[in-house]
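The values are calculated or read from the model by the stated rules, or taken from the named source; none is laboratory data. Predicted, not measured: the structure shown is a model, and the values here were computed from it. No Cβ is skipped: glycine too gets one built from the backbone with ideal geometry, and neighbour counts run over all protein chains shown.
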Amino acid sequence: MNIFETIKKETAGYGDKPAVIEGDQSISYRELIDAAENLASRLKNNRIKPGNRIALLCNDSIDYIIISLAILAAKAAVVPVSSSLSWDETDAVLDRIDVNCLIFDKPSYSGPDAEPLFSGFNGGGEFFLLNRKAKDLLPEEYYALNPAFIRFSSGTTGASKGVLLSHESIIERTDAADMALRMTPEDVVIWVLSMSYHFVVTILLFLRRASTIVLCGNDFPESFVENIKNRKGTFTYASPFHYHLLSNSGDIPSDIFSGVRIAVSTAMKLPQSTAGEFYDKFGLELSEAYGIIEVGLPFINLSGNPAKRGSAGKVLPDYDIKIENRDKNGVGELHVKGKGMFDAYFSPWQSRKEAINEGWFNTGDLGRIDEDGFLYIFGRDKNVINFAGMKIFPEDVESVLNRHPAVKESLVYGLPHPRYGELPCAKVVFKEETSPDFDTNEIRRYCYPLLASYKVPKEINPVKTLEKTASGKIKRW
């Protein structure tokens, strides 16, 4: 099986339909498939072989999609590398995944031996191909798995792993996600997230269903508003951060989402305050999605019910879940199994059978299923602060801290204490306009009406920045 061949077959009747739009540029499905096939042929002529690992380092664009499809068509494996990484971090990824080749755009990287590369798109950018001497000390199982993607997990609470996905797994998980999303050729997707971290379930599914993908670039929210209005968007896929900005931008009309059937919120937990302010302004309930690189998209809240805000929804038909080691409130470790599970960890190598127990993947998240079957996520097990036997979920406290007018962002953590176990404390980044003489006790006073007293941070330490992962999430360890 091959995901590119699947897309080619399923979009055969939509050759003239726009596949991807970027600014004033557009490429049809016929042009997209032709460009990917032509580039795949050139990659093969450049000694790219099935199973080779091809790192892709470039900004989101039509070119990004063409090059990714070409690598897949050549039966090599895509290794997406975020352009936000430093050069040293990029080199570390290339070494760890033992890539055979790097394709990059000129501003992102340096390589004196790199050769010019044309994606095949007339409006495309300037790219380069750099061959590397890979060790290729891989088990035979690697090649037997039919590898398609190798991507680092977010690594918020620990070392990132190279998660390997086969063509078969990608086809399964896109099918599974579409049981909820129901994408069609009539859908126009307004896209703002990074393809380095959001591609397999989303972009590839949209292409399989011959939907039109509109890339907004970095000019948010102006480009988003322009595209959703002029391109008649029907589907949005963004983070709570994006939806918060839209809700609080006074010059954005309240009817801008009138043609949107689903507005998916992903990448981080959706604060109920953001869901509320978005609905109050636009009259549309956000659909919180819970995705995991090892599993896919097993949950999405499509209820449209304000009473279910804060929930990731019900488990999709192709997945099973269980909550292990529950406490008295029903909160425990969330385990998932189903179609499209990851095939292996790449570095160090660990097959799926070795990595998970009888098909069940321990997500590392703590969750609870309510009486209606809706999942609520309470944070990661490693992050839980134990204060005198009571659990405090940092994300819950942070959602309150971040609502204070002076706070830009925050990180809540546990400080070891001989009597209480751990004390909840916080690092806070203030907004630029905040006075240097601002009293942090004001934030604590703000928290008391909104949180149980034991959850209020005992110390609040102002900092200039918070360390982030490559995917933009706050580093907790």
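Brief remarks follow.
- Near pairs, Cβ below 9 angstrom, 6+ apart or cross-chain, from segment 11-40 (under 27 Å from Ser223 (Cα atoms) and of a type in the set (Lys, Arg)) to any residue that is in a helix (DSSP H, G or I) and at pLDDT 95 or above: Lys17/Tyr29; Lys17/Arg30; Arg30/Tyr14
This table checks each residue for (1) surrounded by 22 or more Cβ atoms within 10 Å (Cβ to Cβ); (2) touching a strand residue (DSSP E or B) at 6+ places or on another chain (Cβ under 7 Å); (3) of a type in the set (A, V, I, L, M); (4) closer than 16 Å to Ala55 by Cα.
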position: Phe149; (1), (2), (3), (4): yes, yes, no, yes
position: Glu168; (1), (2), (3), (4): no, no, no, no
position: Thr184; (1), (2), (3), (4): no, no, no, no
position: Asp187; (1), (2), (3), (4): no, yes, no, no
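- Sole exception among (1) crowded, with 19+ Cβ neighbours inside 10 Å; (2) aromatic (Phe, Trp, Tyr); (3) at pLDDT 90 or above for Phe393, by number: (3)
- Condition met for Val201 (in contact with a strand residue (DSSP E or B) (Cβ under 6 Å, 6 or more places away or on another chain) and part of a loop (DSSP other than H, G, I, E, B)): yes
- Criterion violated by Leu32 - all others in (1) under 27 Å from Pro116 (Cα atoms); (2) surrounded by 14 or more Cβ atoms within 10 Å (Cβ to Cβ); (3) more than 27 Å from the chain's Cα centre (by Cα) satisfied: (3)
- Test: residue in segment 437-444 that is hydrophobic (A, V, I, L, M, F, W, C) and over 27 Å from Ser287 (Cβ atoms): yes
- Any chance Val163 is at pLDDT 95 or above, out of contact with any Gly (no Cβ under 9 Å at 6 or more places or on another chain) and within 15 Å of Ile292 (Cβ to Cβ): yes
- The set of residues in segment 442-477 being surrounded by fewer than 16 Cβ atoms within 10 Å (Cβ to Cβ), among the polar types (S, T, N, Q) and either within 26 Å of the chain's Cα centre (by Cα) or at pLDDT below 95 (or both) consists of Ser453, Thr465.
- Selection status of Leu366, closer than 20 Å to Asn329 by Cα and not in a loop (DSSP other than H, G, I, E, B): yes
- Filter pass, Arg444 being closer than 19 Å to Leu423 by Cα, free of Cβ contacts under 8 Å to residues at least 24 places away in the same chain, in contact with a Pro (Cβ under 8 Å, 6 or more places away or on another chain) and not aromatic (Phe, Trp, Tyr): yes
- As a summary of the residue check, Asp178 satisfies the conditions (1) over 16 Å from Ala19 (Cβ atoms); (2) assigned to a loop (DSSP other than H, G, I, E, B) except for the one numbered (2).
- Scanning segment 92-147 for residues that are in a helix (DSSP H, G or I) and among the polar types (S, T, N, Q) yields one hit, Ser108.
- Just one of the listed residues (Glu294, Glu285, Glu277) is outside the structural domain of Pro18 (by TED's automatic domain parsing), within 19 Å of Val400 (Cα to Cα) and touching a residue at least 24 places away in the same chain (Cβ under 8 Å), and it is Glu277.
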